[in-house]
């Protein structure tokens, strides 16, 4: 670098000192700007050849790296600007040197972001996200950058500054407490495959119920079904429980667990005529044949022993309905036959006798699942009168009105 711009450009000697200084600064800044423009485009050309993917931009990296060259030019060339005080030259040199460290740190940070973008395109990126580790590296990187910048501005050795950090260890632990907890939690979540982007999770304590859209170092973002976003601190996913529905999605089946409450006043034995009438339903033929043979054998034993006829067994409408529901589900193409399928009675309640259906659909998609479930119960509720049964429900105002009208009419 030349010692002075006045030596290279003699016409500056004819100008007033302050004009000479301004012209020198203008020339230096112009050279730095041109260098920035040239270097940035060269880096983009070279980077495009190295990374041919058009969906990933190298501009942020090139912009950060290109800033280093003009900073170097200013750092070396500021001494050639005439009439600048020596202390000011020293300050400018130190500030520019600190800026160079910052630009290098920002460039490395952009490279880490680029690495994360490339990794996210891997097939296993959802199950093994590295965003948290990238963020941790950035924290360490910027911590080192800040330390070096302070050392340069103070004109001290970085090692001297590091030696004074021992006394600040407790403060640093307090400041970075959440980062340390989040790092440990992120490692556990990833290594144990507890959470992936795209998983449906429920965490009632934080009103989270939806899909995981982002897993970062400090937070996990969940888009709820109402399209709101719940942000969960990463460490709380380890310290507290949450439900992950991934197992349901991977199994290919979604559970139906719902009951029909039967009015117990309608439960009774079926007459022979009613049994014959129910044979119209093909699903019941095998059940009725099997049940009649079973009861015939039982009742024959009762007659041989001479016991009271009250001990005779008969076919009930509720049992026949339960058998019909079971056969209906077994013959339904939308129900997974390789998973648990049962129809059972639960404990009677004041609202009737619950007949619970427990089975799995052969799809996990929400809309088809709801349609399948609704179709099943639409059919079962509508067919109850064929068995002499009715579903129970709380009396409404219309029921009370009809009851009162009937009472007045009879009076």
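The values are calculated or read from the model by the stated rules, or taken from the named source; none is laboratory data. Here the structure is a predicted model, which is why all the values come from computation and not from measurement. Every residue, glycine as well, gets a Cβ built from its backbone with ideal geometry; the counts of neighbours run over all protein chains shown.
Of all residues in segment 84-124 being in a loop (DSSP other than H, G, I, E, B) and without any contact (Cβ under 8 Å) to a residue 24 or more places away in the chain, which is surrounded by the fewest Cβ atoms within 10 Å (Cβ to Cβ)?
Top of the filtered list is 123.
With the condition kept exactly as written, say whether any residue in segment 206-217 is in contact with a helix residue (DSSP H, G or I) (Cβ under 7 Å, 6 or more places away or on another chain), under 30 Å from residue 102 (Cα atoms), assigned to a strand (DSSP E or B) and modelled with pLDDT under 90.
yes
A quick yes/no check of all residues on (1) at pLDDT 90 or above; (2) farther than 20 Å from residue 347 by Cα; (3) crowded, with 18+ Cβ neighbours inside 10 Å; (4) not assigned by TED's automatic domain parsing to the domain that holds residue 392:
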{"site": "263", "(1), (2), (3), (4)": "yes, no, no, no"}
{"site": "268", "(1), (2), (3), (4)": "yes, no, no, no"}
{"site": "276", "(1), (2), (3), (4)": "yes, yes, no, no"}
{"site": "282", "(1), (2), (3), (4)": "yes, yes, no, no"}
{"site": "321", "(1), (2), (3), (4)": "yes, no, yes, no"}
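So, in segment 320-344, how many residues would count as being touching a residue at least 24 places away in the same chain (Cβ under 8 Å) and in contact with a helix residue (DSSP H, G or I) (Cβ under 9 Å, 6 or more places away or on another chain)?
14
Given the structure, is residue 363 under 23 Å from residue 261 (Cβ atoms) and either assigned to a strand (DSSP E or B) or assigned by TED's automatic domain parsing to the domain that holds residue 266 (or both)?
no
Can you tell me how many residues within segment 284-294 are surrounded by 12 or more Cβ atoms within 10 Å (Cβ to Cβ) and more than 26 Å from residue 380 (Cα to Cα)?
1
Any chance segment 191-204 includes a residue that's modelled with pLDDT of 85 or more, farther than 30 Å from residue 88 by Cβ and assigned to a helix (DSSP H, G or I)?
Yes, because at least one residue in segment 191-204 is modelled with pLDDT of 85 or more, farther than 30 Å from residue 88 by Cβ and assigned to a helix (DSSP H, G or I).
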